[in-house]
Amino acid sequence: MDPIWLSVSEAAKLGGIQTKTVRRAIQADSVKYKVVKNRYLIEFSSIITYLRAKTKLKNLKTFLKSISGD
């Protein structure tokens with residue numbers, strides 16, 4: 001199965017974090033990414049792993065709520 005790729009803004013919305021936090025994760029090589037037409041694309045499973053390890057409880061609740069559909 002092919003991985004799902006998200007833009008920086010999509011990854012930020014998904015995790016309830018700011019885009020600069022996603023960009024910091026890219027700079028630190030904390031997430032898998034690729035560059036397409038000068039845009040970063042982040043692998044979905046990679047951002048999930050990052051969010052689980054790094055986000056604060058408030059943001060984690062927002063994230064879990066967003067993926068559960070509540």
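Only loop residues by DSSP count here, and only those with at most 15 other Cβ atoms within 10 Å; note down the trypsin sites (Lys or Arg not before Pro) in segment 1-54 that meet that.
Details: sites: LYS13, LYS20, ARG23, ARG24, LYS32, LYS34, LYS37, ARG39, ARG52, LYS54; in loops: LYS32, LYS37.
Passing both the DSSP loop test and the Cβ count: LYS37.
Need one number: nm distance between label points at ASP29 and ILE67, each 7 Å from Cα along Cα→Cβ, rounded to one decimal. Roughly 2.5 nm, to one decimal.
Quick one: net charge of ASP2's neighbours, Cβ under 15 Å, K/R +1, D/E -1? Please list the in-between numbers first.
Numbers: positive: LYS32, LYS34; negative: GLU43.
Overall, the nearby charge balance is +1.
Each reported figure results from applying straightforward, stated rules to the coordinates on display, with no laboratory input. Source: prediction; values computed, not measured. Neighbour counts run over all protein chains shown; Cβ positions are idealised from the backbone, glycine included.
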